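Engineer: What follows is a structure written as structure tokens; I'll ask about it next.
The values are calculated or read from the model by the stated rules, or taken from the named source; none is laboratory data. Fair warning: this is a prediction, and the values are worked out from it, not measured in the lab. A quick note on method: Cβ atoms are made from the backbone with ideal geometry, for glycine too, and the neighbour counts reach across all protein chains shown. For accessibility, only protein heavy atoms count, side chains too; no ligands or nucleic acids. Shrake-Rupley method; radii C 1.70, N 1.55, O 1.52, S 1.80 Å.
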Amino acid sequence: MDNLNSSLKRISFVGLLTAVGIVFGDIGTSPLYVMKAIVGANPVFDADYITGAVSCVIWTLTLQTTVKYVLVALNADNHGEGGILALYALLRKLRKRWVYLVAAIGAAALIADGVITPAITVSSAVEGLRFMSEDFPVVTVVVCIIIGIFAMQRAGTGAIGKLFGPFMLVWFLMLGVFGFLSIPDAPYILRAFNPIYAVRLLVDYPGWFLVLGAVFLCTTGAEALYSDLGHCGRRNIEYSWIFVKVMLIVNYLGQGAWLIAHIGMDMSAVNPFYAIVPGALSMFAVIMSTGAAVIASQALLSGSFTIFSEAVSLNLWPRLRIIYPGDVKGQLYVPSVNWCLLAGCLLTVLIFRDSSHMEAAYGLAITITMLMTTVLLTLWLRMTGKNIVFIVIFASVYLCLEGVFFVANIAKFVHGGWYTFILALLTGTIMVIWYKAHRRRAGFIDYRKISDCADMICDIKNDSDIPKYASNIVYLTKSDNSACVESKIVYSIVNKQPKRADHYWFLRIENVDAPDTLEYTVDIEVPHTIYKVCMRFGYRVEPKVSVYFRQIVEDLVAAKDLDLTSSYPSLRRRGVAGDFRFIILHRIFSVNSTCGRYDAFLMKCYERIRRMGLSDRVALGLDTSIVTTETVPLIINVDVPRRIVRVD
């Protein structure tokens, strides 16, 4: 752990370059559409309007990205990992029942952002080709590029990721150079550094909420910046942000200067980003924009995969098939999520067809996530003992600021915000129901002490009249008490079918808050007969139960706590190891169970949502092992309105 912490604090050229390439892809493409959206909010503008809008951009980047995320949020790391669910994992120890709801809402909105980001960034980049022809098939090209982005996810991003840093370095330098060259068109724009111009705009302009909705797009990648903490380290992100922020602000100033210099011109079909590019470099700018859009999309997709992986471990989503295509830390691929995001992204393009129509949906998604992150950060500051005055100021400033941005974006609900709302509502509802149902199901499970039934299990082991079921029987248990197991497991061994074996294993899988934890404990209830094993997995660790269980068995054999050789004489003479059979209990909810309507609703929803995920056998890496699934009732007491009567 000390090595991890030191690596996160280490600054290196490679680390800085990696941060530029991976962390800032989303926020780095915002100049493609921010000023265009600002002009769209007020097509008839003057110099003060543009100066005030650019001032809003500068101070939004400062307050939201620099102060909140770079200076505060990056310190709230969970063993080096960042993001809203990593923050939630830190806060679970507070045992506040509503915290999961805040995390689920924020994560769901971030997933919606992952659907919209590829659509708006790629569309904004490709629309630059309209300088060639007004009839250029933008939608067709965008669809092809997006399909390509999602198709390459299966191979992983290890190889292409090496190009991200140098490419984005050139991209940000391009932003700065083009912006700097345009500032002399109207040096008046430099007054935007004075926040009074931002205040005047919000006070004097009646449509201020429309402007703020557009301005907020400049900081949309800030949440992704926090999520990528584990990939690059805090110090590398902090120092590379200085360079990135300067380049962004210079480009916004350049676009603002160009707009002031062309007041009165029809801007309906003009993107200020491409307007400041010298004509001879237009194609170069489009190619660079498209590449930056692909990288921004890649960052959001990788973040979405990570969110679902963490959600599974935090009991916010059913188990999913997760593939680890490379050796790079944190690199993973979730096929079902990938294709669902592709479908949502293509639907976004086909519904809105133009980047300007996607802006309302885009802003609302990230505003919701940022509000939820502010709530969780406030709790984290309180939990870590920070000064109460600082906490109150932090919460007041950002809840008010983001609340205003939320109002500004919700005002555009009918223009596209509804799309974000539907996406986030669908994902968030599944998360909340799954979490609530998972906890409620756990409350229905009855447990027994292993010591109370140990003698009976030993008698079954020694009863030669009972046919041997397996040399080793491994039950998956949910008991967090090493001295207890579910009563249904005891019922399965003794009553359902007496199961004779040489060794009985009760295996618990525990998901812990630390991302890379991989450890186990063993309690030997009866030597050479009954073992209670607990595997502890971090939320970034693939639960290859069969592989790790084999390693545990090898450790016990080496410590002479286990004789693995088969008890069958013909096999024992040859030193053949005994076989293993895993048994998974699947608890079925009956509609006749005596429980409240709310609990019944949760249990029914749980069964339907469970079908979206993998079976325990596949999810736990037991697909090559001998596995038996036994169905048992979740709730034993059921309503019996009548009793059948015997007649002669």
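Engineer: What do you get for Rg/Rh over the range 50-205 if you use C-alpha atoms and the Kirkwood form of Rh?
Structural biologist: 1.03
Engineer: Moving on. At a Förster distance of 35 Å, what's the computed FRET efficiency of PHE180 paired with PHE13, Cβ-Cβ distance as r, to 0.05?
Structural biologist: Between PHE180 and PHE13 the formula returns 0.90.
Engineer: Roughly how many debye, to the nearest 20, is the charge dipole of the chain about its Cα centre, given +1 on each Lys and Arg Cβ, -1 on each Asp and Glu Cβ, and no other charges? Please list the in-between numbers first.
Structural biologist: Details: 58 positive and 49 negative charges, 349 e Å.
The dipole of the chain has a size of about 1680 debye.
Engineer: To continue, here is another question. Taking Cα centroids, how far is the range 505-584 from the range 378-425 in Å?
Structural biologist: 46 Å
Engineer: Would you mind calculating the gained length between HIS357 and TYR491 on full extension (0.36 nm times residue separation, minus the Cα-Cα distance), in nm to one decimal?
Structural biologist: On the way: separation 134, 0.36 × 134 = 48.24 nm, distance 6.03 nm.
This chain segment gains 42.2 nm when fully extended.
Engineer: Sort 515-524, 245-254, 496-505 for me by packing, meaning the mean count of neighbouring Cβ atoms within 10 Å per residue, highest on top.
Structural biologist: Packing proxy ranking, top to bottom: 245-254, 496-505, 515-524.
Engineer: I'd like to compare 467-474, 117-124: which one has the highest average count of other Cβ atoms within 10 Å, and what's the full order after that?
Structural biologist: Order by mean packing, descending: 117-124, 467-474.
Engineer: How much of the accessible area of the range 394-481, probe 1.4 Å, is carbon plus sulfur, in whole percent?
Structural biologist: On the range 394-481, the fraction of accessible area on carbon and sulfur atoms equals 59 percent.
Engineer: For the range 172-187, what does the Karplus curve 6.51 cos²θ - 1.76 cosθ + 1.60, with θ = phi - 60°, yield as ³J(HN,Hα) per residue in whole Hz, taken in order and with x for Gly and Pro?
Structural biologist: So the J values, rounded to whole Hz, are 5, 5, 5, 4, x, 5, 4, x, 4, 5, 8, 4, x, 4, 7, x.
Engineer: Whenever you get a sec, compute what percent of the accessible area on the range 190-312 sits on carbon and sulfur atoms (1.4 Å probe).
Structural biologist: Ligands and nucleic acids excluded, carbon and sulfur reach 67 percent.
Engineer: Students often get this wrong, so check it: of LYS478/LYS604; LYS93/LYS386; LYS461/LYS544; LYS532/LYS560; LYS68/LYS412; LYS478/LYS532, which have C-alpha atoms separated by over 23 Å?
Structural biologist: Flagged as over cut-off: LYS461/LYS544; LYS68/LYS412.
Engineer: Same structure again: How much accessible area per residue does the range 329-371 have, in Å², with a 1.4 Å probe?
Structural biologist: 30 Å²
Engineer: Calculate the length of the line joining the C-alpha centroid of the range 56-70 to that of the range 16-38, in whole Å.
Structural biologist: If you average the Cα positions of each part, the centres end up 14 Å apart.
Engineer: Moving on. Please state the shape class of the chain: rounded when a/c is under 1.5, otherwise prolate if a/b exceeds b/c and oblate if not, all from the C-alpha gyration tensor. Walk me through the numbers before you get to the answer.
Structural biologist: Numbers: a/c = 2.48, a/b = 2.17, b/c = 1.14.
Since a/c reaches 1.5 and a/b is larger than b/c, the shape of the chain is classed as prolate.
Engineer: Hey, what number do you get for the chain at 222 nm if only DSSP H runs of n ≥ 4 count, each worth -39500 (n - 2.57), divided across all residues, to the nearest 500?
Structural biologist: -18000 deg cm²/dmol
Engineer: Give me the extension gain from SER615 to HIS586: residue separation times 0.36 nm, minus the current Cα-Cα distance, reported in nm with one decimal. Mind dumping the intermediate values first?
Structural biologist: Values: separation 29, 0.36 × 29 = 10.44 nm, distance 1.00 nm.
Extra length from SER615 to HIS586 when fully extended: 9.4 nm.
Engineer: What length, rounded to one decimal in nm, is gained on full extension from ALA151 through to HIS438, with 0.36 nm per residue of separation minus their alpha-carbon distance?
Structural biologist: On the way: separation 287, 0.36 × 287 = 103.32 nm, distance 3.35 nm.
That pair, ALA151 and HIS438, stretches by 100.0 nm at full extension.
Engineer: Taking the solvent-accessible surface of protein heavy atoms with a 1.4 Å probe, what is the per residue accessible area of the range 419-531 in Å²?
Structural biologist: Accessible surface, normalised per residue, equals 46 Å².
Engineer: In the range 519-628, what percent of the accessible surface is made up of carbon and sulfur (1.4 Å probe, ligands and nucleic acids excluded)?
Structural biologist: 52 percent
Engineer: For GLU519, list long-range residues whose amide hydrogen, built 1.01 Å from N in the peptide plane, is under 5 Å from its own amide hydrogen.
Structural biologist: Sorted by chain and number, the residues that satisfy this are ARG536.
Engineer: Now, a different point. Heavy-atom accessible area per residue, the range 38-197, 1.4 Å probe: how many Å²?
Structural biologist: Ligands and nucleic acids excluded, the figure is 38 Å² per residue.
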